[in-house]
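Right, one structure below, let's go through it.
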Amino acid sequence: MKSGKIKKTTSYIMAIPMNDKDIDTPQMVYDRINAHDEFELKETSFDDKNMCPMVTVVYKGQQYIVDIKIEPVNITPDFMFCHDMPDECIKKMKKAKIGITTSLTFTDDIMESYHFQLKFLNCIIPDKAAVVDFNTHRIFSPLWIKSVAVSSVSPGPNYVFSVNMLRDKNNLHWVYTYGLNRCGFYELEVLNTEKEDVNFCASVLNITANKALADNEFPNESEPMEIAVLNDGQALNVTWKNWKDEIKSYPEGTLGTGNTRVKDRCLFNGMLYIYPPGKTKKPCRANEFAVVDMENAIVKVSEKETARMEALAAETISKFAKVMTMPEAKGIVKIKINTENEKQAGYEHIWAEVDQIGVNEVFATVLHDSLYSDQVKKGDKIQTEFESITDWRAIVDGKDITPDRAFLVN
């Protein structure tokens, strides 16, 4: 049985400058680091192995050693855009010859390390066409990076990894994660997935990876991990098995085996298994699992991730208020309510659809019954102040805007 924890691989993220002259000399980069309020440049040196400048930077009391390397832009067709991009940025990115790549190893605080790397990139290249994350095969808008850089709250765990898929001529899919190895976890995957089951398998991979990152815990091989509670109240547990052992039993020519398995999928990867609902014995391969309804499943969120989401919602609530003044805008809010009774002491979160927004308050209609309070029912009209809103979502002009994508309001 293998441990789910591995030595973290390196995190590689590139910024493509709008103007190549911004990276003419290392000293230009050092000067920008020194001028940054949140960073302390402790040391500059040269990495003889990777043949590039190397800096030691202190951020929030934590020391990071970062390689800074100018290299050719090489974006393969499987890289996906995470956000809408300004036209001028797309044009520059397509013509770009060079970018500057930062590489570092995350500390035990994965989300803060990731946040630091984005802040650092924004610091050394203020005017960017795009940011390319080679660990997730994703391309980020420079506007998003700027918003992240000035925020005191890190992006959500779903930015640190990605769920990807490939399809063969028989319409069978290979669904897999990218980005978990740099966090010290196994990558997860599902082979031979039927077209109608792809969304389910992708959803389970997404929930599993998010939970692992939020909790900073990853199960050992064949060890159950609860990821959700289904509509009928039964727990849904998952696990994984080492790809090298599993792959031998797949038919020859299966996508993700033999020559179709790319080099970076041949290290620390696990095949996803799912247990029958309510069970922690006899799991089956995810592609053979009888699909269950995940739409209304309850996914438990750690206290740390809950606090992160609440802080980001509070930081961006003015953006939500602004977008809700736009014609045709629709929005929902998550509200923290007290639920002290014989079942639970504390609070719970409920979602409500916004009817009207004031200067510092929202008038809304509750979208579901409270789990713990008889005083809050679906359809109730409520009034709440901004400070009680712990998450929000707005849709306007075809754009889905959340606290993590609040930069789209501008």
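Tabulated data for the structure shown
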| item | result |
| --- | --- |
| Some residue of region 64-75 being hydroxyl-bearing (Ser, Thr, Tyr), in a loop (DSSP other than H, G, I, E, B) and either within 25 Å of Phe161 (Cα to Cα) or under 24 Å from the mean Cα position of the chain (by Cα) (or both) | no |
| Answer from Asn237, Asn269 - the residue that is farther than 17 Å from Leu180 by Cα, crowded, with 20+ Cβ neighbours inside 10 Å and touching an Asp or Glu at 6+ places or on another chain (Cβ under 7 Å) | Asn237 |
| Which listed residue, of Ala209, Ala202, Ala130, is over 22 Å from Arg308 (Cα atoms), surrounded by 20 or more Cβ atoms within 10 Å (Cβ to Cβ), among the small types (Gly, Ala, Ser) and modelled with pLDDT of 95 or more | Ala130 |
| Counted residues, region 366-407 - those being polar (S, T, N, Q), part of a loop (DSSP other than H, G, I, E, B) and over 29 Å from the mean Cα position of the chain (by Cα) | 2 |
| Region 346-365 - residue that is part of a strand (DSSP E or B) and of a type in the set (S, T, N, Q) and, of those, surrounded by the fewest Cβ atoms within 10 Å (Cβ to Cβ) | Gln356 |
| Residue pairs meeting the criteria (Cβ under 6 Å; at least 6 apart or on separate chains; first open to solvent by less than 60 Å² (accessible area, probe 1.4 Å), in region 316-345; second modelled with pLDDT of 90 or more and assigned to a loop (DSSP other than H, G, I, E, B)) | Val323/Ala329; Gly331/Met324 |
| Region 102-112, residues that are crowded, with 20+ Cβ neighbours inside 10 Å and over 14 Å from Asp133 (Cα atoms) | Phe106, Ile110, Met111 |
| Selection from region 240-258 of residues that are more than 18 Å from Ala202 (Cβ to Cβ), in contact with a Ser or Thr (Cβ under 9 Å, 6 or more places away or on another chain) and open to solvent by less than 20 Å² (accessible area, probe 1.4 Å) | Thr254 |
| Residue check, Thr107 more than 27 Å from Lys304 (Cα to Cα) and in contact with a Phe, Trp or Tyr (Cβ under 9 Å, 6 or more places away or on another chain) | no |
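Listed here are the residues, each with its yes/no results for (1) closer than 20 Å to Phe116 by Cβ; (2) exposed (fewer than 14 other Cβ atoms within 10 Å of the Cβ); (3) in contact with a Ser or Thr (Cβ under 9 Å, 6 or more places away or on another chain); (4) of a type in the set (S, T, N, Q).
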site: Asn19; (1), (2), (3), (4): no, yes, no, yes
site: Thr25; (1), (2), (3), (4): no, yes, no, yes
site: Val29; (1), (2), (3), (4): yes, no, no, no
site: Leu41; (1), (2), (3), (4): yes, no, yes, no
site: Phe46; (1), (2), (3), (4): no, yes, no, no
site: Pro53; (1), (2), (3), (4): yes, no, yes, no
site: Gly61; (1), (2), (3), (4): yes, yes, no, no
site: Ile65; (1), (2), (3), (4): yes, no, yes, no
site: Ile70; (1), (2), (3), (4): no, no, yes, no
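The values are calculated or read from the model by the stated rules, or taken from the named source; none is laboratory data. Bear in mind the structure is a predicted one, so any value in this text is a computation, not a measurement. As a convention, Cβ positions derive from the backbone with ideal geometry for all residues, glycine included, and neighbour counts pool all protein chains shown. Heads up: the accessible areas ignore ligands, DNA and RNA and are worked out on the full protein's heavy atoms, side chains in. Shrake-Rupley method; radii C 1.70, N 1.55, O 1.52, S 1.80 Å.
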